[in-house]
Structures are given as structure tokens and as C-alpha cells.
Amino acid sequence: MTEPADLPLLAKRLQSLLFTDEPVQRIRLAQAALAMAMVGVSVIAMQFFVWTGVARALPVALWTVFSLAGMVVLFALIRSGWSRRREDPSLTVPQMVFALSCAAMAYTMLGPARGSVFPIFMVILMFGMFVVSPKHMMWVSVYAVVLFGATAGAMSWLDPAHYAPALEFGHFLMVATMVPTVSVLAVRLSRMRERLRRRRHDLAEALAQIRELVTRDELTGLINRRHMQELIEHEHQRCTRSGQTFCLAKLDIDRLGAINDAHGYAVGDAVLRAVAQEALQQVRASDVLARWGGEEFMLMLPDTRASLVRGGLERLQQRIAALRIVHGSQTLSVTLSAGLAERHAGESIEQTIERAGVALAEAKLTRGRTAAETTWPPGTYAANVHAMRAVRR
């Protein structure tokens, strides 16, 4: 016996079985289910006309089986995924054509109550206004007018006593006027949808550009300081939870101010771009490199220790030192100093960054000193391309 508490779970499983868990496919199936529900309402109305004696029971019973079976088949084609191979995976046009055909069949059975079919015609056409392309909507409209004209003409010829030719001609004129109007409205809706689609696309592009401006440094293309601080904060929180660690390396282009003074800021900008791109190619895919300000960069190295990073930093410095930067007639080479700090448990982000800054300052002062003459804070490395050494205390 099913417990009451299990009913929501069973309902969810049944919904997943009928409509799948794929969002796009679920929308298609929901649309088909709505069309099936509309046919179900029509079946109830037809049974009412049988009860009142307007329609005969046997033709209506056959019509009911045909209508419901057809909609079930269309639903099954969508649910099975077969419709994905079609231009219209929702099978909206086949559903509309089938429903219009069923409505025309009902028209032949209802005699004096046949006017109730007209609202069904309009509902079927409106059903496709919001999803069918203008081209397809035009062909469906032509089919509806021709189908109704043929049905009305055949019935006025076969049963003129109940389907008077003059009255049927009036009905045809009404349908021939209303259906093209619906097609015109469908075209306008299609154009509105296209404009909205373009606006959404333009808005998405604008938001992407704004996001780039907010997170990227315009000169170097690296992420900027503000975004880097957010990433460091996230990494700090992750390491606090997991007990892991990460390293921060503060990098500085030596004597960039002198280059700006001697050659101009355009050359200095070219140096910044070249160093940034070369450094980006040398770091690991998991590392994050950002422009920190001026000639300084910040490199975050997740899931590693300072003792393992030192060799990589030295190789990076060697690559930068070997780099030849051409700007116009100028060919320059630069060096890179680096200060490395490993995050300590219980340490704030500001403290780790400060230790990396201290290590960088020490690296710039080590030119001409021996290793024995130089000291660093615990867990901190300092290196520059001249000394190529790192000491940990």
C-alpha cells in the first residue's frame, strides 16, 4: 500500500516518465499534451451533442477513437525522440493539420450545431501563432480554407436539407476571411519574436563585454586586480575548508619606469603586453595570472607548496629575460623579479599578499648580495633573474 508521503514522489516519477527531465523536450511534450487536452474537451462536447440527439453515437464514437489515437501517436513520436530528426521537433504543424482535419470531420456530424466548430478552428490556428514560422502558418491557413471549403461544399451537395448551400457559402466566406487574418497576426508575432531574439542576443553580447571590462585589464588582457582579489578570496575559503594550501607570487618588471622615461609610454605598454602574454603561456593551466597594478603582476598557484613553485618561477624569469620585445625600431629585453609566499593556516589574505610583497622587495635588493647576507620571512621566497636563488627560513 502506498503511503501518502510517497504520493509526491510517485507523481514526480510519473511526470518524468511522461515528459522527461530535459527542459526543451519537456516544453515540446507539454505543448503536445495541451493539444491533446483540447481534443479531449472536443470529445466531451461531441458526447454532449450525442446526448442531446444532435449527433449520432456511432460516427461520434469512431471520430473519438480516431482523434484521441492520432494525438497519442503524435505525443509518442515526440516523447520517443523521433521528431528530433524533423525540421520542427515539436511537430506543431502536423498537430495543427490533424486537429483541423478532425474539426472538419466533426462539422459533417453536427448538423444544426456545426457552428460550434468555428471556435475550434480559430483555437487551432491561434495554437500555432506563437510557435510556427510565417511560411508554415501560411500553408496551414491555406489548408484550413481549402479543407473547410471542400467540406462545406460536399455537405451542401450530399445533404442540402441540413446543409443549405447558401448558408454553407456564408460559412465559407467567414472562414476565408478569418483564417487569413490569423495568418497576418502570426506574421506580426513572428517578427516581434525575431526582434526580441535579436535584442536578447545584443543584450547578451553587451553584458559579456561589460563583464570583460569589469574583470579584465584593458592593456594586457589579463584579469584585473579587483577580480583577482575575488578569486584569491574564493581560493582562501576553499583551502580553509579543505585544509589545502596555495601560493601567491608577486611579479615585477625591473626598471620599467626607466624604459618609459627613455623610450616613451607606448614602448612601456608594449613591454607590459609582451611580458603578460609570455608569462601566461608559461604558467600552469590551473594558475591564475593578473595585472596587479603598474608593472606588477600577481600569480595565484592553487594546490601547491612554495618549495615546488620555486623552479617554475625561475624558469619563468629566464623566459622573460630571453624575451626580445620589438616596438617600431626599438628592441628591448627586460628582467623580472618575483616574491613568493605560501598561505599559512589561520593567516588572512592580506597577510599572505603582504609577505609576497616583502619577498618581492627583498628580491629587488638581492643584487650583489650573497645568500648568507639575505633573510626572508618564514615561508617566503624571493628571487630575481640576477641572483636566481631562493631561501626559506
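Quick notes on this structure:
- Charge-dipole axis of the chain as Lys and Arg at +1 and Asp and Glu at -1 on Cβ define it, positive-most pick from Ile349, Leu158, Ser80: Leu158
- Ordered by the count of other Cβ atoms within 10 Å of each Cβ, fewest first, Leu316, Leu340 give Leu316, Leu340.
- Extended-chain gain in nm, criterion 0.36 nm per residue less alpha-carbon gap, Ile27 and Met126: 33.9 nm
- Top positive-direction residue, dipole computed over the chain with Cβ charges, set Thr20, Gln330, Gln95: Gln95
- Theoretical ellipticity at 222 nm over the chain - DSSP helices of four or more residues, -39500 (n - 2.57) apiece, nearest 500: -22000 deg cm²/dmol
- Summed over all non-identical Cα pairs, the Kirkwood treatment of region 298-357 gives a radius of 13.5 Å.
- Positive dipole terminus of the chain, leading residue within Gln229, Leu207, Ser190 (C-beta point charges): Ser190
- For region 184-251, GluC sites (Glu not before Pro) are listed when DSSP marks them as loop and at most 15 other Cβ atoms sit within 10 Å of their Cβ; the list is Glu218.
- The long axis of helix 225-242 is offset from the longest Cα principal axis of the chain by roughly 90 degrees.
- Distance from the Cα centroid of region 279-311 to that of region 146-203 is 67 Å (rounded to whole angstrom).
- Panel order for Glu314, Glu22, by other beta carbons found within 10 Å of each beta carbon, from fewest to most: Glu22, Glu314.
- The ranking of Leu29, Leu185, Leu91 by Cβ neighbour count inside 10 Å, starting from the fewest, reads Leu185, Leu29, Leu91.
- Counting only residues at least eight positions apart within a chain, or on another chain, there are no lysines with an alpha carbon under 23 Å from that of Lys12.
- Against the chain, whose longest principal axis comes from its Cα atoms, helix 57-79 is set at around 10 degrees.
- Of the beta bridges in the chain, as assigned by DSSP with both residues counted there, near 95 percent are antiparallel.
Since every read-out is calculated from the coordinates, none of them should be taken as a lab result. Small disclaimer: the values here were computed from a predicted structure and weren't measured. Every residue, glycine as well, gets a Cβ built from its backbone with ideal geometry; the counts of neighbours run over all protein chains shown.
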